[in-house]
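Single-structure report; data block below.
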Amino acid sequence: MTATEEVTQTGLADRYGRVATDLRVSLTDRCNLRCSYCMPEEGLDWLAKPELLTDDEVVRLVSIAVTHLGVREIRFTGGEPLLRRGLVDIVTRTTALSLRPEVSLTTNGIGLARQAQALKDAGLGRVNVSLDTIRPDTFVQLARRDRLKDVLAGLEAAQAAGLTPVKVNAVLMRGVNELQAGELLEYCLDRSYELRFIEQMPLDAQHGWSRDTMVTADEILEQLVDQFGLVPADASTRGSAPAESFLVHGGPQTVGIIASVTRPFCGDCDRVRLTADGQVRDCLFARTESDLRTALRGGADDDELADRWRRAQAKKLPGHGINDPSFLQPTRPMSAIGG
Ligand code: SAM
Ligand code: SF4
């Protein structure tokens with residue numbers, strides 16, 4: 001049996017035939033913005049320091065995921081991962097693993113101007129930067145901090161450092177930036193950033209999401225389709241990627257739309273998540289977690305941790321259920337799960 005076959009047979013499979021190969025690791029639940037679709041203006045408690053995995057613990061679990069469980073892609077996220085002091089070191093040690101995974105980062109871009117080159121040198125492949133508007137006043141309204149310039153500088157630095165293709169994530173909020181899809185796309189096309197719109201999901205700490213006010217994928221498409229001559233890109237290249245991709249004016253540039261709520265893609269999901277306090281989550285919307293930190297700190301060896309992780313993933317439900325009347329939002333908000 002080859003090493004790859006062995007890993008596949010012992011990977012993170014669930015009862016519905018899916019195998020998780022893409023691990024999202026939250027490095028902190030803290031953030032320097034307060035995006036209204038994610039966090040309340042104030043009053044959110046942070047995880048206590050002793051609960052957080054240390055850098056060594058993060059690398060150990062990532063290493064088990066890669067060498068024992070078939071994980072091929074690692075994305076560091078948060079909260080805001082650039083706030084994690086050991087980030088460059090964690091990336092360096094992750095890219096040095098023998099079955100080197102693809103490593104990327106989801107960030108709000110603040111501080112990226114300073115760290116982009118060091119991250120590139122550490123082996124980081126790509127970044128996704130969240131940018132919902134290019135208007136300074138809308139940015140303050142949405143993120144409750146006046147940091148647009150830092151985000152734009154971070155994007156430029158990522159491009160210059162070769163963390164490419166630079167991807168941009170945008171969430172549209174009714175009555176705030178809902179009609180800014182076109183100008184945001186123009187901005188990204190001019191700079192060769194790949195823009196993807198994400199439907200707002202019920203994951204905000206203050207439970208303010210409502211189906212009636214969310215801006216849907218169809219509404220976003222309607223705003224863009226004529227102005228940018230959008231046509232669907234070849235669906236056969238989508239694979240397990242959540243974004244539906246559209247060619248802009250015949251291509252090659254594209255724009256993506258992630259319709260997590262109105263067109264769920266759970267059947268093709270290949271993701272698993274590790275929170276900053278060492279809990280495995282098989283889904284963003286999971287209502288249960290599996291504690292790896294206690295076992296890790298209790299002296300469990302790699303095989304035992306891998307077994308626990310497999311058992312956790314096997315319980316993954318077929319879908320997130322947002323559209324069921326009985327849907328309940330998970331207790332942890334997006335900022336603490338790792339988006
Ligand atoms: N702070 C980093 C950032 O903003 O990119 C990383 C963490 S953030 C939770 C990851 C992604 O989740 C961001 O692109 C953000 O826009 C998105 N996000 C946060 N809350 C969301 C929500 N309720 N619905 C949809 N996307 C959300
Ligand atoms: Fe912070 Fe990212 Fe949440 Fe915005 S979306 S508050 S940047 S964690």
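The values are calculated or read from the model by the stated rules, or taken from the named source; none is laboratory data. It should be emphasised that the depicted structure is a prediction, and the values quoted were computed from it without experimental measurement. Please note: Cβ atoms are built from the backbone with ideal geometry, for glycine as well, and neighbour counts cover all protein chains shown.
Could you say whether any residue in the range 76-86 is touching a residue at least 12 places away in the same chain (Cβ under 8 Å), within 15 Å of ligand 2 (Cβ to nearest atom), surrounded by fewer than 22 Cβ atoms within 10 Å (Cβ to Cβ) and assigned to a helix (DSSP H, G or I)?
yes
Among the residues in the range 301-320, are any within 16 Å of ligand 1 (Cβ to nearest atom), at pLDDT below 95 and not polar (S, T, N, Q)?
So far as the range 301-320 goes, yes, one or more of its residues are within 16 Å of ligand 1 (Cβ to nearest atom), at pLDDT below 95 and not polar (S, T, N, Q).
Looking at the range 97-125, which of its residues are among the polar types (S, T, N, Q), under 17 Å from Arg84 (Cβ atoms) and not in a strand (DSSP E or B)?
Asn108, Gln115 - these are the residues of the range 97-125 that are among the polar types (S, T, N, Q), under 17 Å from Arg84 (Cβ atoms) and not in a strand (DSSP E or B).
List the strands (runs of 3 or more DSSP E) inside the range 168-263, counting only whole elements, that have at least 1 residues being surrounded by 12 or more Cβ atoms within 10 Å (Cβ to Cβ) and touching a Gly at 6+ places or on another chain (Cβ under 6 Å).
194-198, 244-247
Search the range 61-72 for residues that are charged (D, E, K, R) and pair each with any residue that is assigned to a loop (DSSP other than H, G, I, E, B) when their beta-carbon atoms are under 9 Å apart and the residues are at least 6 apart or on different chains.
Matching pairs, first to second residue: Arg72/Thr21; Arg72/Leu99; Arg72/Pro101.
Look at the range 161-183 and say how many of its residues are within 16 Å of ligand 2 (Cβ to nearest atom) and aliphatic (A, V, I, L, M).
Adding up the residues that qualify gives 6.
Within the range 97-125, work out how many residues are under 29 Å from Leu69 (Cα atoms) and either within 16 Å of ligand 2 (Cβ to nearest atom) or aromatic (Phe, Trp, Tyr) (or both).
Residues meeting the conditions: 4.
Going by what's in this entry, would Glu57 be described as at negative phi and more than 16 Å from ligand 1 (Cβ to nearest atom)?
It is true that Glu57 is at negative phi and more than 16 Å from ligand 1 (Cβ to nearest atom).
Can you name the residue in the range 289-310 that is part of a loop (DSSP other than H, G, I, E, B) and surrounded by 14 or more Cβ atoms within 10 Å (Cβ to Cβ) and, of all such residues, is nearest to ligand 2 (Cβ to nearest atom)?
Glu289
Taking into account only those residues within the range 87-126 that are hydroxyl-bearing (Ser, Thr, Tyr) and within 16 Å of ligand 1 (Cβ to nearest atom), which is surrounded by the most Cβ atoms within 10 Å (Cβ to Cβ)?
Thr107
Just name the residue that is nearest to Cys266 (Cα to Cα) out of those in the range 311-339 that are part of a loop (DSSP other than H, G, I, E, B), away from ligand 2 (no atom under 16 Å from the Cβ) and in contact with a Ser or Thr (Cβ under 9 Å, 6 or more places away or on another chain).
Across the range 311-339, the extreme among qualifying residues is His320.
Taking the condition of being modelled with pLDDT under 95 and either crowded, with 20+ Cβ neighbours inside 10 Å or touching a His at 6+ places or on another chain (Cβ under 8 Å) (or both), how many residues in the range 38-75 meet it?
The total comes to 2.
Output the residues belonging to the range 321-331 that are surrounded by 15 or more Cβ atoms within 10 Å (Cβ to Cβ) and farther than 12 Å from Leu203 by Cα.
Residue satisfying the conditions is Gly321 alone.
Of everything in the range 64-75 that's outside any helix (DSSP H, G or I) and more than 16 Å from ligand 2 (Cβ to nearest atom), which residue is nearest to Leu52 (Cα to Cα)?
Once the filter is applied, the top-ranked residue is Ile74.
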